[in-house]
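A quick write-up on the structure given underneath.
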Amino acid sequence: MRILVANVNTTQSMTDSIAAQARGIAAPGTEIVGITPRFGADSCEGNFESYLAAIAVMDRVVHYPEPFDAVIQAGYGEHGREGLQELLDVPVVDITEAAASTAMFLGHKYSVVTTLDRAVPLIEDRLKLAGLDARCASVRASGMAVLELEAEPERAVEAIISEALLAVREDHAEVIVLGCGGMAGLDEQIRQRAGVPVVDGVAAAVTIAESLVRMQLSTSKVRTYATPRPKTVIGWPLAANDVPATV
């Protein structure tokens, strides 16, 4: 089984970190391939960068030269999952939905701890669109920019833990969700300090993607995520004839 794990930004070191976290949870026999967009921003922290990343990830995935069994979109609260589902005939799992749905198995309410405050509304909107907002106690910002998670990991952990503790005490969260792909691998440190289950979206997405592949399930194509109708597409990298023949 081969799973593509798509970073939504162009920072290769973050792709490597996300892929390493995915490999750590993947079952024997699962090949994890981390992919980085060919264009876009070095971090995604707003709507413009998120929509740009959506196009960039679609472009990168459809140009991947080898067969694959599933795709993980490794950006928390980012746009684009729906487009991938239209383009592909394999399962597409977004870490936002994977993490939140996993958290609901572990407690009554969960809270998301993310990066900057400007990302909070985007995450709230994505959770609402996915129907996962009813059991979300809060979405909290750590104040750490995406690239600072790598540059200052110790400060990042402390900032995330501080917000996680507030979420548990003040918002009555029983589970913490890490709200950024760049936080991959920090779950155990935060769990020890916060005293509640901590869900890393990358790890959750890998296990869900593997399960869907094993059950031979993929996206329904009868309506919402039907294959795009043939059209002339100009002016951007994903030309109509680039869509894989399998769709």
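The values are calculated or read from the model by the stated rules, or taken from the named source; none is laboratory data. Note that the coordinates shown come from a computational prediction; the quantities given were computed from them, not determined experimentally. All Cβ positions, glycine included, derive from the backbone under ideal geometry; neighbour counts span all protein chains shown. Calculation scope for accessible area: heavy atoms of the full protein, side chains included, ligands and nucleic acids excluded. Shrake-Rupley method; radii C 1.70, N 1.55, O 1.52, S 1.80 Å.
By accessible area, using a 1.4 Å probe on protein heavy atoms only, the chain has 52% of its surface on carbon and sulfur. Pick out the long, greasy-scoring helices in the chain: whole DSSP H runs spanning 18 Å or more along their own axis by Cα, mean Kyte-Doolittle at least -1.0. Length and hydropathy pass: 12-25, 47-62, 153-170, 201-214.
Each pair of Cα atoms in segment 60-194 enters the Kirkwood radius, and Stokes-Einstein at 4 °C and 1.567 mPa s then converts it into a translational diffusion coefficient of 84 µm²/s.
Straight-distance candidates among the lysines for linking to LYS231, with alpha-carbon spacing under 19 Å and chain neighbours fewer than 8 residues away dropped: LYS221. A Förster radius of 41 Å combined with the Cβ-Cβ distance from ARG2 to ARG223 puts the calculated FRET efficiency at roughly 0.90. Summing +1 for each Lys or Arg and -1 for each Asp or Glu among the other residues whose beta-carbon sits under 10 angstrom from that of ALA103 gives +1.
Note on surface exposure: ASP187, ASP125, ASP94, ASP42 rank ASP125, ASP42, ASP187, ASP94 by accessible area, highest first, 1.4 Å probe. Summarised as an ellipsoid, segment 79-126 has semi-axes of 23, 16, 7 Å, derived from the eigenvalues of the Cα gyration tensor scaled by 5 and square-rooted, with the largest first.
Remark: the chain is approximated by an ellipsoid whose semi-axes, taken from the C-alpha gyration tensor as √(5λ), come to 29, 18, 17 Å, largest first.
Estimated at the nearest 10 Å², the accessible area of SER17 is 50 Å² with a 1.4 Å probe. A simple charge model with +1 on the Cβ of Lys and Arg, -1 on the Cβ of Asp and Glu and nothing else charged puts the dipole of segment 135-197 at about 220 debye relative to its Cα centre. For VAL90, the solvent-accessible surface with a 1.4 Å probe is about 20 Å², rounded to the nearest 10.
For the chain, the solvent-accessible area of protein heavy atoms averages 45 Å² per residue (probe radius 1.4 Å; ligands and nucleic acids excluded). Using +1 at the Cβ of each Lys and Arg and -1 at the Cβ of each Asp and Glu in segment 1-142, identify which of VAL61, VAL139, VAL5 lies farthest towards the dipole's positive end. The Cα lying farthest towards the positive end belongs to VAL139. Taking the alpha-carbon distance from LYS128 and a cut-off under 17 Å, which lysines remain once sequence neighbours fewer than 8 residues away in the same chain are dropped? In chain and number order, the partners are LYS109. Rolling a 1.4 Å probe over the protein chains gives THR15 an accessible area of about 0 Å².
Sum -39500 (n - 2.57) across every DSSP H segment of at least 4 residues in the chain, then divide by the residue count to get the 222 nm mean residue ellipticity, nearest 500.
On the way: 9 runs with 102 residues, N = 247.
After summing the helix terms and dividing by residue count, I get -12500 deg cm²/dmol.
The relative contact order of the chain, computed from alpha carbon pairs under 8 Å that lie at least 6 residues apart in sequence, is 22 percent. Accessible-area rank, largest first, for ARG223, ARG191: ARG223, ARG191, with all protein chains present and a 1.4 angstrom probe.
Packing order of peptides 45-51, 72-78, highest average first: 72-78, 45-51 (average count of other Cβ atoms within 10 Å over each peptide's residues).
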